[in-house]
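Read the figures in this text as sums done on the coordinates, not as results from a lab. For clarity, every value in this text was computed on a predicted model and none was experimentally measured. Backbone-built Cβ (ideal geometry, glycine too); neighbour counts: all protein chains shown.
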Amino acid sequence: MSNSLTALLSATFHEPGYDHSVELVHQQTRAGDRRIDELRVAAYDEAGQALCDLAVDPAAGVLDLSALLRAHLPDRRAMVLFDVRYDEAIFPYRPHHYAFLHRRGSAAPPLYYAVNSVLGGFPRGLDATRMNNFETYVFLGRPLRERHGLVLGNASRFADAEAQVIAYYGAERITESVRIAPKAHREVPLAPERDGRRLARVELKSLFRLANYVVGRHADTGDLVLFDHLFTYFK
Amino acid sequence: MSATEASPALPTALDPVLLCYCVALTVGELRSAVRAGRWPLPDKAQAGKLCTGCAGDLLHCVRILEAAGAAR
């Protein structure tokens with residue numbers, strides 16, 4: 001891929017049985033003139049083994065990820081990386097990808113989420129104004145029939161990632177340290193309550209930015225009912 | 001061939017790999033800069049500090065290349 005264009009690598013996770021469509025350019029103009037120049041889509045299993053690395057038409061608009069990856073995926077979750085090149089003159093910030101996710105046949109509503117950007121996305125000359133390797137998610141106060149967890153992926157080429165997942169139950173916090181090899185991923189389950197206190201929030205700390213999503217699964221069916229990125233509250 | 005040109009842990013075949021997406025730094029550019037004692041390059045000094053996603057890779061490569069250079 002070209003190294004003379006601006007580069008962005010974004011990441012999501014795909015599970016079998018889900019329809020998964022990705023808007024390649026979310027902030028399109030009325031004239032539809034924002035485009036990416038190159039796109040590769042690669043998928044990796046939980047251990048970081050490559051499942052596929054495909055050149056994809058960057059003008060695809062909405063990419064049917066389930067169809068694209070069907071022949072390559074095992075029967076478990078995969079981390080999917082979108083490596084794009086674009087002209088920064090035609091994007092105000094970066095070409096955000098957004099996606100729809102829905103379990104086939106499920107009565108649950110589809111989920112719409114912003115795909116994590118993991119590498120790149122800062123225009124040259126613009127300083128970073130916030131930390132993005134210390135992120136938080138605040139859970140609703142009322143109990144829901146969901147099991148929560150964090151899905152974490154390491155998009156690096158060489159370096160293991162060390163991260164801490166800190167779950168808060170009232171004033172008490174439970175810390176779990178995780179180590180993730182390059183291109184590997186894992187789900188860290190979060191207990192719904194501890195000593196009668198509900199899970200209130202979770203924090204993720206790492207040396208460098210990871211692909212990260214907070215997930216909620218229906219307690220009975222296991223269907224995803226939450227798939228969202230964490231947020232940075234500390235500037 | 002110098003150690004930094006052919007470090008077994010970071011072969012030259014990896015030189016086209018884009019290491020830092022924010023400042024467009026490749027492994028090859030980093031190798032050349034370290035070899036010349038010019039790292040960090042003035043126009044790439046923000047490498048690893050913006051999106052932070054490459055910080056682990058960058059540290060990994062700098063350590064290997066500096067160690068290989070010191071061993072020459």
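Taken along the Cα-to-beta-carbon direction at a fixed 7 Å, the label points for B:ALA45 and A:ASP53 span 3.4 nm. Working note: Karplus 6.51/-1.76/1.60 with θ = phi - 60° gives region A:26-40 the couplings 6, 9, 5, 8, 4, 6, x, 9, 8, 9, 9, 9, 9, 8, 10 Hz, where Gly and Pro are set to x. Beyond 18 Å, the tail of the calculated P(r) for region A:146-235 holds 46 percent of the Cα pairs. Per residue of peptide B:42-52, the mean number of Cβ atoms on other chains within 10 Å of the residue Cβ is 4.
Take A:199-208, A:7-16 and order them by the average number of nearby Cβ atoms within 10 Å per residue, most first; the result is A:7-16, A:199-208. For a straight C-alpha distance cut-off of 14 angstrom, the aspartates and glutamates reachable from A:LYS183 (same-chain residues fewer than eight places away being disregarded) are A:ASP45, A:GLU46, A:ASP53, A:ASP83, A:ASP160, A:GLU162, B:ASP57. Counting only other chain Cβ atoms within 10 Å of each residue's Cβ, the peptide B:14-25 averages 5. Highest-first packing order for the peptide set A:73-86, B:24-37, A:47-60, A:133-146 is A:73-86, B:24-37, A:133-146, A:47-60, based on the mean count of other beta carbon atoms within 10 Å.
Rounded, prolate or oblate: pick one for region A:1-54, where a ≥ b ≥ c are the square roots of the eigenvalues of its C-alpha gyration tensor, a/c under 1.5 means rounded, and failing that, prolate if a/b is larger than b/c, else oblate. Don't jump to the answer; show the numbers that get you there.
Details: a/c = 3.18, a/b = 1.45, b/c = 2.19.
It comes out oblate by the Cα gyration axes.
Mind giving me the FRET efficiency for B:ARG38 and A:ARG197? R0 is 51 Å, r the Cβ-Cβ distance, nearest 0.05 is fine. Using R0 = 51 Å, I get an efficiency of 0.40.
Provide A:GLU172, A:GLU38 in ascending order of the number of other Cβ atoms located within 10 Å of each residue's Cβ, fewest first. The partial results should precede the final answer.
Values: A:GLU172 11, A:GLU38 15.
Lowest count first: A:GLU172, A:GLU38.
Peptide A:208-214 has a mean shielding of 3, counted as Cβ atoms of other protein chains within 10 Å of each residue's Cβ. Spacing of the modelled spin labels on A:SER177 and A:ASP220, each 7 Å from Cα toward Cβ, amounts to 4.2 nm. Its DSSP H runs of at least 4 residues, each contributing -39,500 (n - 2.57), put the calculated 222 nm mean residue ellipticity of chain A at -500 deg cm²/dmol, to the nearest 500.
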